[in-house]
1. Tell me, please, whether a residue that is in a helix (DSSP H, G or I), open to solvent by 10 Å² or more (accessible area, probe 1.4 Å) and more than 14 Å from chain A (Cβ to nearest Cβ) can be found in the stretch B:170-190.
2. Inside the stretch A:106-118, can you point out the residues that are more than 15 Å from the chain's Cα centre (by Cα) and either at pLDDT 95 or above or not polar (S, T, N, Q) (or both)?
3. Inspect all residues belonging to the stretch A:19-41 and state whether any of them is within 14 Å of chain B (Cβ to nearest Cβ), crowded, with 22+ Cβ neighbours inside 10 Å and touching a residue at least 40 places away in the same chain (Cβ under 8 Å).
4. Quick check on my filter: what residues within the stretch B:203-218 are of a type outside the set (A, V, I, L, M) and open to solvent by 10 Å² or more (accessible area, probe 1.4 Å)?
5. Looking at the stretch A:166-204, which of its residues are within 11 Å of chain B (Cβ to nearest Cβ), open to solvent by 10 Å² or more (accessible area, probe 1.4 Å) and part of a strand (DSSP E or B)?
6. Among the residues of the stretch B:200-221, write down those that are outside any loop (DSSP other than H, G, I, E, B), within 14 Å of chain A (Cβ to nearest Cβ) and either basic (Lys, Arg) or in contact (Cβ under 8 Å) with a residue 40 or more places away in the chain (or both).
7. Which ranges mark the helices (runs of 4 or more DSSP H) fully within the stretch B:35-141 that have 3 or more residues being without any contact (Cβ under 8 Å) to a residue 24 or more places away in the chain and either among the aromatic types (Phe, Trp, Tyr) or over 24 Å from B:PHE183 (Cβ atoms) (or both)?
8. Taking A:TRP130 as meeting all but one of (1) more than 15 Å from the chain's Cα centre (by Cα); (2) away from chain B (no Cβ under 14 Å), write down the number of the exception.
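The values are calculated or read from the model by the stated rules, or taken from the named source; none is laboratory data. All values derive from a computational prediction rather than experimental measurement. Note that each Cβ is placed from the backbone with ideal geometry, even for glycine, and that neighbours are counted across all protein chains shown. Ligands, DNA and RNA are stripped out before the accessible areas are found, and what is left, the full protein with its side chains, is counted by its heavy atoms. Shrake-Rupley method; radii C 1.70, N 1.55, O 1.52, S 1.80 Å.
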Amino acid sequence: MIDIAVVDYGMGNLRSVSKALEHVAPGRRIVVTSDPHEIDAAERVVFPGQGAMPDCMRELDSRGLRQPVIKAAAGKPFLGICIGLQLLFEHSEEGDAAGLGILPGKVVRFEKSAMRDATGHKLKVPHMGWNQVYQTRAHPMWQNIADGERFYYVHSYYVVPQHPDIVAAYSEYPERFTSAVAKDNIFAVQFHPEKSQHAGLQLLSNFVHWNGRA
Amino acid sequence: MSLAKRIIPCLDVTDGRVVKGVNFLELRDAGDPVEIAKRYDDQGADELTFLDITASSDNRGLILHIIEEVASQVFIPLTVGGGVREVEDVRRLLNAGADKVSINTSAVLNPQLVADAAARFGSQCIVVAIDAKQVGDHWEVFTHGGRKATGIDAVEWARKMEALGAGELLVTSMDRDGTKSGFNLPLNRAISDAVDVPIIASGGVGNLTHLVEGVQEGGADAVLAASIFHYGEFTVRQAKEFMRDHGIEVRL
């Protein structure tokens with residue numbers, strides 16, 4: 001029995017994700033895998049990702065992982081991280097790429113002309129560092145995590161869900177953007193819990209214990 | 001409230017030990033890298049940077065073991081630099097648990113390395129380190145730990161590295177490094193204004209006011225320091241509280 005499958009489609013470093021999961025779930029069987037059968041067999045699935053969205057989609061398809069990921073997202077506790085959040089949506093401005101289309105909505109870039117803080121200073125892109133995450137609804141994944149807690153981000157694009165009711169949190173840079181979504185058994189975040197020290201480990205621990213119901 | 005300015009302790013590692021020198025010379029032993037990394041994590045460091053300054057190629061592999069060890073116990077971003085010459089070096093470091101890899105001399109010798117590494121692993125994990133020294137009325141890029149002049153203008157170089165795919169720039173003033181006289185603020189400001197990617201200011205921190213100046217006057221998104229933390233002068237937490245008290249948003 002595989003407890004947690006971390007989907008490996010060749011994009012980015014999954015070592016951090018698996019190490020953090022091992023830390024919060026000692027004794028559980030955690031595999032980093034590109035084998036559709038292992039993803040199918042796992043009790044819960046983590047869908048991470050780094051890099052550009054068009055490359056991610058190409059690599060997913062070249063490994064035959066599109067359907068296994070869609071299937072996992074339809075039934076078992078499923079955690080998307082960073083690009084793993086963005087890929088769930090229909091379309092990204094990044095390379096004008098189609099996503100998996102599991103959730104209605106799009107992925108857009110931080111608008112260069114808008115990147116000024118309240119005092120007029122330039123805000124850099126990528127949005128890199130620790131920003132506050134404001135929870136917009138109660139969810140088992142937020143257990144023991146304070147509203148407004150800081151998590152570590154590194155990204156230039158963010159998701160715009162078509163249905164606001166799936167938004168689970170937002171952050172500000174400088175405008176509000178969606179930083180977490182929740183729908184049934186899916187929970188997905190723009191930040192990196194595996195790099196967000198105590199708060200991040202708490203979120204991963206919540207995932208390990210989550211029954212997949214909101 | 002929004003994005004916090006980051007404090008990044010830097011660990012110069014040679015032959016498996018953390019050391020600190022002045023202007024890249026006179027190295028003093030400062031301790032075990034894994035223990036020091038854990039201490040800074042406990043104190044609230046936002047990231048950690050390891051610079052492998054091991055001279056002999058025999059001991060190069062040591063840094064991989066250190067990063068593996070740190071990455072299994074410390075869950076904040078880890079950047080590793082020093083001796084990165086090819087895409088394969090980047091891959092090895094990322095696989096060991098590094099989140100970002102810093103490229104310095106090799107970026108000058110072979111700028112295509114920055115483009116290739118960014119294309120393969122994503123800009124988010126490629127940091128270009130720029131060692132700059134004042135020459136006449138401008139700043140020039142130096143390589144090989146500040147020993148070799150390149151004739152390249154540092155601000156132009158920053159723009160070029162951003163264009164090639166660097167996700168972040170680590171700007172070190174070679175005039176200030178190890179001197180405890182503060183960051184080179186005009187240098188940091190010039191580069192920060194010239195690019196859209198985040199800037200880490202480095203070189204010269206001697207007290208906590210220098211960190212505040214780096215952000216407020218130098219336009220840095222993150223500040224990197226070594227000796228003020230290594231020898232227990234200040235904890236990372238004290239540094240953050242000081243910055244907060246001077247109106248800078250930090251993670252506490």
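1. yes
2. Across the stretch A:106-118, the qualifying residues are A:VAL108, A:ARG109, A:PHE110, A:GLU111, A:LYS112, A:ALA114, A:MET115, A:ARG116, A:ASP117, A:ALA118.
3. yes
4. If the condition is that a residue be of a type outside the set (A, V, I, L, M) and open to solvent by 10 Å² or more (accessible area, probe 1.4 Å), then B:GLY206, B:ASN207, B:THR209, B:HIS210, B:GLU213, B:GLN216, B:GLU217 are the ones that fit.
5. Once the filter is applied, which keeps residues that are within 11 Å of chain B (Cβ to nearest Cβ), open to solvent by 10 Å² or more (accessible area, probe 1.4 Å) and part of a strand (DSSP E or B), the stretch A:166-204 yields A:GLU172, A:ARG176.
6. B:ILE200, B:VAL215
7. B:87-96
8. (2)
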